[in-house]
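The values are calculated or read from the model by the stated rules, or taken from the named source; none is laboratory data. Computed from a predicted structure; not experimentally measured. Cβ placement follows ideal geometry from the backbone for every residue including glycine, while neighbour counts extend to all protein chains displayed.
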Amino acid sequence: MSVPGELSGALVAVLGGSGFVGSAVSARLATRGARVRVVARNPGVPPFRAEVVAADLTEPGAVAAAVAGADVVLPLVLFTGGGTWRVAGGGAADAARVNVGIVAEAVDAARGPVVFAGSTSQVGPGAPERIDGTETDHPESEYDRQKCAAERLVLDAGGCSLRLPTVFGPSTGSPDRGVVTTMARRALAGEPLTVWGAGDVRRDLVFVEDVAEAFVAAVAHADRLAGRAWLAGSGTGIAVRALFELVAATAADLTGRPAVPVRSVPPPPYATASDFRSLVADPAGLTLATGWRARIPLTEAVPRTVAHLVQSSVDRT
């Protein structure tokens, strides 16, 4: 990995390598010359050259076996509790077993650096709208507390973390259950899109292909990034209402039907303070260290995502 941007045959174990982000990262690593080990409960057959390991990583010894011999480990597993990132109630212990426990075992067993997938939401309420990575974390949700705990294990062991904003896009692995894809499905079905309140909260979104490139950069520059969390945002925010209007207009262009309306609704009881706070992640530090930056604008990324859903629907018929 001495040549920036090239991985020179390094063996990278991607835990959760068949998931939404994991499959994109694994594919991109493979195209950059890495030897990729895809580890998942049901990994399937990836459309690129890879070592495939089917494993339940919650079983004793499974993580150590999965990372054996790897030069770099990417724990991209995530307990979603039925398809959502929100973790509450009785699911917290099960989530911690995956979100923290598997990462802890990977750190203990890895012979090389661990590159973690954090979240910009870890900063919690009280941070400015535009964050640069120097803020003190005050995690609000159980999800963010678990992310902070796992990330600290990685950083203390000399690994690094990429804190991601909202990630979206087409998937070759598990489907993207995020807000863009959810709203795109509704728009294609002719259903109105709903925003909480005025919908003026601004969010930072990064296309999944750009996220995959960020992990490639992190693997290639793991020594330079060691011991720190880095923001892998776009540095640009968009109001939620404007985002949904873009989704609705894109669906209309692809289907030839009128754009569905975007309507305001009251927020649900489970909404948190962070849901009403704008957050944009400045990637300047990561750009300076590795050269990475998000390159695919929303005006291209959203149409590609919606078009993929249309094509997937056609392929199923």
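Tell me, yes or no, whether region 272-287 has at least one residue that is of a type in the set (F, W, Y), in a helix (DSSP H, G or I) and modelled with pLDDT under 95.
Within region 272-287, one or more residues are of a type in the set (F, W, Y), in a helix (DSSP H, G or I) and modelled with pLDDT under 95.
Can you find even one residue in region 125-138 that is among the basic types (K, R) and in contact (Cβ under 8 Å) with a residue 24 or more places away in the chain?
Yes.
Scan region 41-69 for residues that are closer than 13 Å to V14 by Cα, outside any helix (DSSP H, G or I) and within 23 Å of the chain's Cα centre (by Cα) and jot them down.
If the condition is that a residue be closer than 13 Å to V14 by Cα, outside any helix (DSSP H, G or I) and within 23 Å of the chain's Cα centre (by Cα), then R41, P43, P46, A50, E51, V52, V53, A54, A55, L57 are the ones that fit.
Quick one: E245 ticks every box in (1) at negative phi; (2) not in a helix (DSSP H, G or I) except a single one, so which number is it?
Here E245 clears every test but (2).
For region 205-242, enumerate the residues that are part of a strand (DSSP E or B), out of contact with any helix residue (DSSP H, G or I) (no Cβ under 7 Å at 6 or more places or on another chain) and buried (at least 23 other Cβ atoms within 10 Å of the Cβ).
V206
Results for (1) under 16 Å from the mean Cα position of the chain (by Cα); (2) farther than 15 Å from A66 by Cβ, shown as yes or no for each residue.
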{"position": "I102", "(1), (2)": "no, no"}
{"position": "A106", "(1), (2)": "no, no"}
{"position": "A109", "(1), (2)": "no, no"}
{"position": "Q122", "(1), (2)": "yes, yes"}
{"position": "E129", "(1), (2)": "no, yes"}
{"position": "T134", "(1), (2)": "no, yes"}
{"position": "D137", "(1), (2)": "no, yes"}
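Condition check ((1) within 24 Å of D94 (Cβ to Cβ); (2) of a type in the set (V, I, T); (3) assigned to a strand (DSSP E or B)) across all residues:
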| position | (1), (2), (3) |
| --- | --- |
| V107 | yes, yes, no |
| R111 | no, no, no |
| S121 | yes, no, no |
| P125 | no, no, no |
| P139 | yes, no, no |
| K147 | yes, no, no |
